[in-house]
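Only one structure is covered here, and it is reproduced in the block below.
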Amino acid sequence: MSMRMNRRNLVKGTAAAAGATALASSAFHVPNIIARQSKAPVLLWTASTADSLEAQQRIVDEFNAQSEDVEVTLEQIPPGEVTDSAKLITAVRGGTGPDVYFLDRFIVAERAANGLLQDLTQLLEDNGADPSLSDHIGFAAAEATYDGKPYALPFDTDVRALYYNRTLLTEAGVDLEQFDAANGPMTWDALKEAAFAANVDNESGDNFAQMGYVPYYNQAWHYTYGFSWGADFFDEEACEVTPNTPEMIAAMQWVYDFCAELDPAKVQAFIQAAMRPGAPPQESPWVQNRLATMITGDWQIASNRNYAPDMDYGITYIPVPEEGMDSQSWAGGWSMVIPQGAKEPEAAIKFMLFACGEPGQRIYTEDTAHIPTLLALQEDTSLFDERHMFFVQELLPGTNNRPPLPVGAKYWDELTAAFQRIYLNEEEPEAALTTAKDNTMTLLGPFCPIG
């Protein structure tokens with residue numbers, strides 16, 4: 001049985017500038033001394049930036065305003081790779097960890113398996129909440145659970161699609177009809193042809209001034225291509241990760257060949273500044289009107305509204321390998337957890353039930369154009385504008401998600417390392433993916449069977 005999830009079955013901006021980030025970070029951990037004399041203090045750590053950080057602060061402010069016995073302080077920690085929990089691990093070991101931590105949901109199982117997180121069962125029951133998380137999307141509840149116990153509360157979800165800049169494509173002589181979602185998904189080769197037409201060299205010719213598509217920027221991940229080509233990433237019966245199937249190799253070969261035709265070093269020179277952790281939105285070539293197409297999530301709607309309000313852009317399906325195939329997207333999302341050693345777990349769960357409940361998810365959806373994991377809120381169409389409804393109605397019902405494994409972070413990191421060697425043309429896809437499998441399996445064995 002495959003662990004590739006489908007939501008029909010089971011129904012990740014930066015600060016505006018470095019200076020603004022520093023101001024925000026310092027502002028979000030100023031203690032409210034008077035309030036804490038009578039309220040239990042809860043410390044929330046987040047690595048989020050820009051729109052997400054502002055929305056989380058709004059949630060904290062609204063919770064504090066209505067809470068009679070809990071006061072939450074939001075503290076921003078330095079942004080980094082989503083699988084990097086080193087700061088949390090160090091703090092927990094030193095007894096200085098937060099009460100609540102904002103954690104990418106697909107690595108909850110691994111952090112729980114490592115003993116870093118608290119089982120929330122009793123805390124939820126004590127507050128009249130369902131430990132099965134039955135009011136959330138099924139796949140999100142599964143990701144927040146390990147060994148049959150809840151270790152996180154789902155906070156949001158998202159879906160990925162292809163965004164396209166109508167102005168840049170039109171200037172390049174590209175027919176926009178093939179990008180119209182009403183006509184279904186285009187093929188990856190058609191996207192490549194359109195993207196190459198939109199490439200523009202700088203004056204010296206040693207870099208691009210503009211590109212049509214960068215096949216590893218933003219949400220154009222290994223999983224994006226794997227799901228599109230029909231790859232499965234985990235074989236539950238064999239308890240084996242499967243990143244080197246023929247489908248995945250074919251998907252990665254497309255990326256390898258795309259970059260090889262353009263010169264991998266030249267593509268990397270164009271995009272590397274925008275890819276560093278914590279890069280402000282203004283450094284994105286998409287926002288700068290220098291990138292014609294990009295795969296990203298629904299949150300880009302809010303980002304475009306804030307940073308590129310005059311852009312004429314559209315949203316369509318992720319391409320397919322061959323005409324007639326169904327487009328495949330995938331979803332992720334964040335969660336809130338209580339680390340081991342938290343000083344105020346009883347107060348922390350009260351905040352989490354607010355933030356991950358209807359009040360908090362409503363705020364986050366309105367401010368950032370993510371999708372709530374609460375089933376009831378997905379029925380509230382007032383939360384979504386026309387662009388967002390495409391994600392909720394057309395993409396969400398049949399999208400995929402990463403297998404929630406007790407080595408989820410390790411698997412992601414190994415896939416990402418392999419992906420980088422592939423798009424830089426440093427290693428052929430099959431060899432790189434086989435290495436990713438071997439390195440992940442060294443840690444997976446002790447957890448088998450999973451279930």
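The values are calculated or read from the model by the stated rules, or taken from the named source; none is laboratory data. For clarity, every value in this text was computed on a predicted model and none was experimentally measured. Don't worry about glycine lacking a Cβ; one is built from the backbone with ideal geometry, like all the others, and counts go over all protein chains shown.
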(message) Please determine whether any residue of segment 180-200 is touching a Lys or Arg at 6+ places or on another chain (Cβ under 9 Å), surrounded by fewer than 17 Cβ atoms within 10 Å (Cβ to Cβ) and closer than 15 Å to Ile271 by Cα.
(response) yes
(request) Just need a number here: residues in segment 99-132 that are surrounded by fewer than 24 Cβ atoms within 10 Å (Cβ to Cβ) and in a loop (DSSP other than H, G, I, E, B). (result) 11
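Here's the yes/no breakdown for (1) modelled with pLDDT under 95; (2) under 30 Å from Ala269 (Cα atoms); (3) assigned by TED's automatic domain parsing to the domain that holds Trp299:
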position	(1), (2), (3)
Lys343	no, no, no
Ala347	no, no, no
Phe351	no, no, no
Glu358	no, no, no
Tyr364	no, no, no
Glu379	yes, no, no
Ala409	yes, yes, no
Tyr423	no, yes, no
(message) I'd like the residue in segment 271-324 that is in a loop (DSSP other than H, G, I, E, B) and basic (Lys, Arg) and, out of all such residues, is surrounded by the most Cβ atoms within 10 Å (Cβ to Cβ).
(response) Arg290
(request) Please verify whether segment 78-93 includes one or more residues that are within 23 Å of the chain's Cα centre (by Cα), among the hydroxyl-bearing types (Ser, Thr, Tyr), in the same structural domain as Trp45 (by TED's automatic domain parsing) and not in a loop (DSSP other than H, G, I, E, B). (result) no
(request) Kindly establish whether Thr121 is farther than 22 Å from Thr46 by Cβ and in contact with a strand residue (DSSP E or B) (Cβ under 6 Å, 6 or more places away or on another chain). (result) yes
(request) Looking at (1) in contact with a Ser or Thr (Cβ under 7 Å, 6 or more places away or on another chain); (2) closer than 17 Å to Ala109 by Cβ; (3) of a type in the set (S, T, N, Q), find the lone condition where Thr440 falls short. (result) (1)
(request) Among residues belonging to segment 201-216 that are out of contact with any Leu (no Cβ under 6 Å at 6 or more places or on another chain) and either hydrophobic (A, V, I, L, M, F, W, C) or within 21 Å of Phe390 (Cβ to Cβ) (or both), point out the one that is surrounded by the most Cβ atoms within 10 Å (Cβ to Cβ). (result) Val214
(request) Within segment 65-103, track down each residue that is among the hydrophobic types (A, V, I, L, M, F, W, C) and at pLDDT below 95. (result) Ile77, Val82, Ala86, Leu88, Ile89, Ala91, Val92
(message) Looking only at segment 110-132, how many residues end up being in contact with a Pro (Cβ under 8 Å, 6 or more places away or on another chain), modelled with pLDDT of 95 or more and not charged (D, E, K, R)?
(response) 10
(message) Go through segment 79-109 and report how many residues are over 18 Å from Ala140 (Cα atoms) and hydroxyl-bearing (Ser, Thr, Tyr).
(response) 3
(request) Mind telling me which of the residues Arg387, Arg421, Arg402 ends up being surrounded by 15 or more Cβ atoms within 10 Å (Cβ to Cβ) and farther than 20 Å from Asp158 by Cβ? (result) Arg421
(message) What's the total number of residues in segment 141-177 that are basic (Lys, Arg) and either in the same structural domain as Asp310 (by TED's automatic domain parsing) or under 16 Å from the mean Cα position of the chain (by Cα) (or both)?
(response) 2
(request) Filter segment 222-248 down to residues that are among the hydrophobic types (A, V, I, L, M, F, W, C) and surrounded by fewer than 20 Cβ atoms within 10 Å (Cβ to Cβ), then give me how many there are. (result) 2
(message) Residues that are farther than 30 Å from Arg305 by Cα: list the helices (runs of 4 or more DSSP H) wholly contained in segment 330-440 that include at least 1 such residues.
(response) 345-355, 408-423
